[in-house]
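Some notes on the structure that comes next.
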Amino acid sequence: MDINKMKKSTKAVYSEPCKLTGAHVKPIYQTSTFVFDDVNQGAKRFAGEEEGYIYTRLGNPTITDFEKKIALLENGEDAVAFASGMAAVSAAIFAFIKKGDHIVAQNSLYGCTHAFLSEMVTKFGIDVDFVDAKDISNIENAVKENTKIIYIESPSNPAMALTDIKRAAKIAKENDSRLIVDNTFMTPYWQRPLELGADLVLHSATKYIGGHGDVIAGILVGNKEDMSLIRETTQKDIGGILSPFDSWLLLRGLKTLGIRMEKHESNAKKLAEFLEKHPKVDKVYYPGLKSHPQYELAKKQAEGFGAMIAFEVKGGIDAGKTVMNNVKLIKLAVSLGTVDSLIQHPASMTHSPVDREDRLKGGITDGLIRFSVGIEEPEDIINDLDNALNKIKI
Ligand code: LCS
């Protein structure tokens with residue numbers, strides 16, 4: 001049996017029993033260190049001459065199982081797990097840049113990623129240019145001889161802007177740089193950027209990978225060489241590793257990735273169509289709607305549209321606040337990709353670390369509302385949202 005040849009849901013569900021005890025679900029290796037037989041063995045492990053664990057910051061069987069599962073799902077050679085999505089972002093960027101290098105980034109990115117690139121990375125003598133990557137020629141024109149990284153989210157948080165991943169990968173290859181794709185909104189269930197030519201895939205595993213809103217985690221996937229470099233540098237020495245317990249929770253969450261993503265998406269389609277027709281709603285941004293300007297690209301590069309929706313109501317931000325303050329079933333909270341529906345206001349919450357001017361360039365208007373569609377029954381979500389929308393007085 002070769003699990004690599006199986007369908008994506010089977011890959012997500014599959015796990016091997018514990019080799020030692022036969023336990024169906026493997027135990028958690030909740031340990032910080034590993035005992036050596038003798039000094040010689042310890043030295044060999046440190047020298048990389050013998051396989052085996054040393055210390056959990058350098059590796060742990062439960063973390064390895066999670067990394068291998070994501071590598072399998074993303075069709076990558078290897079993966080490296082982190083304590084958060086942001087730890088994965090910083091580890092990926094710092095592993096491949098040095099003073100004098102240049103990064104081209106999409107102008108529509110998660111708030112802390114944008115802040116990290118515009119404020120932190122630039123402190124170390126690295127230039128970053130933000131471009132509207134919906135038009136791929138903007139990436140093409142921004143790339144320079146010293147560009148080492150092209151960084152995108154597709155779809156982006158929260159504007160739902162897409163980048164043509166295949167074309168961005170081609171530009172990266174021609175320029176001897178790396179394309180990093182944040183695939184958080186899609187998960188490997190709907191989109192696998194490595195298959196489209198990307199060099200590294202990143203996830204805030206806090207979201208759909210875990211799925212239940214009880215873990216903060218991040219992961220990078222790529223080829224063996226890049227992943228080894230990250231393990232030996234930014235993971236080992238900056239040290240933002242994932243814990244064994246959280247790895248185990250993520251492995252549990254992943255088993256239902258397929259059915260969760262299918263239900264999230266079928267709900268999202270219904271919600272997007274409901275919002276598009278609602279008299280109090282001005283604009284809806286969902287790649288699965290034919291009215292989305294990048295609907296064709298979404299169909300081409302992904303197997304699904306996901307379940308993140310952004311919308312603007314008539315009456316601007318005040319009307320938006322009325323909606324967010326009046327939902328009952330849907331929770332007013334940041335984060336996304338949990339089994340329950342969440343609503344939030346990017347300009348004052350997730351994207352408040354970004355200057356207003358930069359937010360607007362990334363499509364984040366003051367009145368934009370972001371909605372992470374859960375797996376409750378769609379009628380209940382629609383009723384809750386409809387009640388809240390009808391509280392708007394116009
Ligand atoms: N990338 C994307 C696309 C994200 O949405 C987030 C977090 C991160 C990276 C960072 O991951 P974390 O460190 O939080 O695991 N996005 C959040 C959001 O939209 N609301 O709260 C967090």
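The values are calculated or read from the model by the stated rules, or taken from the named source; none is laboratory data. All values derive from a computational prediction rather than experimental measurement. Every residue, glycine as well, gets a Cβ built from its backbone with ideal geometry; the counts of neighbours run over all protein chains shown. Please note that ligands, DNA and RNA were not included when accessible areas were found on the heavy atoms of the full protein model with its side chains. Shrake-Rupley method; radii C 1.70, N 1.55, O 1.52, S 1.80 Å.
Residues that are outside any helix (DSSP H, G or I) and touching an Asp or Glu at 6+ places or on another chain (Cβ under 9 Å) within the stretch 1-28 comprise Ser15, Glu16, Lys26, listed in sequence order.
Checked against the criterion of being more than 13 Å from Trp248 (Cβ to Cβ) and within 33 Å of the chain's Cα centre (by Cα), the stretch 59-66 contains one or more residues that satisfy it.
Conditions tested, residue by residue: (1) within 12 Å of the ligand (Cβ to nearest atom); (2) touching a Leu at 6+ places or on another chain (Cβ under 9 Å); (3) without any contact (Cβ under 8 Å) to a residue 12 or more places away in the chain.
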{"position": "Gly48", "(1), (2), (3)": "no, no, yes"}
{"position": "Ile54", "(1), (2), (3)": "no, no, no"}
{"position": "Thr62", "(1), (2), (3)": "no, yes, no"}
{"position": "Asn75", "(1), (2), (3)": "no, yes, no"}
{"position": "Ala91", "(1), (2), (3)": "yes, yes, no"}
{"position": "Gly100", "(1), (2), (3)": "no, no, no"}
{"position": "Lys144", "(1), (2), (3)": "no, no, no"}
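When Glu377 is tested against (1) away from the ligand (no atom under 16 Å from the Cβ); (2) more than 30 Å from Leu257 (Cβ to Cβ), exactly one condition is not met: (2). Per the conditions (1) within 16 Å of the ligand (Cβ to nearest atom); (2) open to solvent by 10 Å² or more (accessible area, probe 1.4 Å); (3) part of a helix (DSSP H, G or I), the sole criterion not satisfied by Lys173 is (1).
Could you run through the stretch 317-340 and say how many residues are open to solvent by 30 Å² or more (accessible area, probe 1.4 Å), outside any strand (DSSP E or B) and not aliphatic (A, V, I, L, M)?
As a first pass, look at the stretch 317-340 and keep what is open to solvent by 30 Å² or more (accessible area, probe 1.4 Å): 317-318, 321-322, 325-326, 328-329, 331-335, 339-340.
Next, from what is left, pick out any that are outside any strand (DSSP E or B): 317-318, 321-322, 325-326, 328-329, 333-335, 339-340.
From what's left, not aliphatic (A, V, I, L, M): 318, 321-322, 325-326, 328, 335, 340.
Counting residues in the stretch 317-340 that are open to solvent by 30 Å² or more (accessible area, probe 1.4 Å), outside any strand (DSSP E or B) and not aliphatic (A, V, I, L, M) gives 8.
Here Gly239 meets each of (1) within 22 Å of Ala87 (Cα to Cα); (2) touching a residue at least 40 places away in the same chain (Cβ under 8 Å); (3) surrounded by 15 or more Cβ atoms within 10 Å (Cβ to Cβ) with one exception, condition (3).
Answer yes if at least one residue in the stretch 322-330 is charged (D, E, K, R) and within 16 Å of the ligand (Cβ to nearest atom), and no otherwise. Steps first, please.
Applying the first criterion (charged (D, E, K, R)) to the stretch 322-330 yields 328.
This time we only want the ones that are within 16 Å of the ligand (Cβ to nearest atom), so: none.
No - not one qualifying residue is present in the stretch 322-330.
Within the stretch 182-208, being within 10 Å of the ligand (Cβ to nearest atom) and in contact with a His (Cβ under 8 Å, 6 or more places away or on another chain) holds for Asp182, Asn183, Thr184.
Where helices (runs of 4 or more DSSP H) sit wholly within the stretch 67-147, those with at least 3 residues that are crowded, with 23+ Cβ neighbours inside 10 Å occupy 85-96.
Residues are listed down the side, and each one gets a yes or a no for (1) within 18 Å of Asp340 (Cβ to Cβ); (2) out of contact with any strand residue (DSSP E or B) (no Cβ under 8 Å at 6 or more places or on another chain); (3) in contact (Cβ under 8 Å) with a residue 60 or more places away in the chain:
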| position | (1), (2), (3) |
| --- | --- |
| Leu229 | no, yes, yes |
| Phe245 | no, yes, yes |
| Thr256 | yes, yes, yes |
| Ile259 | yes, yes, yes |
| Ala268 | yes, no, yes |
| Lys277 | no, yes, no |
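The rows are residues; the columns are (1) within 24 Å of Ala198 (Cβ to Cβ); (2) in contact with a helix residue (DSSP H, G or I) (Cβ under 6 Å, 6 or more places away or on another chain); (3) open to solvent by less than 10 Å² (accessible area, probe 1.4 Å).
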{"site": "Leu250", "(1), (2), (3)": "yes, yes, yes"}
{"site": "Ile259", "(1), (2), (3)": "no, no, no"}
{"site": "Ser266", "(1), (2), (3)": "no, no, no"}
{"site": "Lys270", "(1), (2), (3)": "no, yes, no"}
{"site": "His292", "(1), (2), (3)": "yes, no, no"}
{"site": "Glu303", "(1), (2), (3)": "yes, yes, no"}
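Considering (1) under 26 Å from Leu297 (Cβ atoms); (2) in contact (Cβ under 8 Å) with a residue 40 or more places away in the chain; (3) of a type outside the set (Val, Ile, Thr); (4) part of a loop (DSSP other than H, G, I, E, B), the lone condition that Ala198 does not fulfil carries the number (2).
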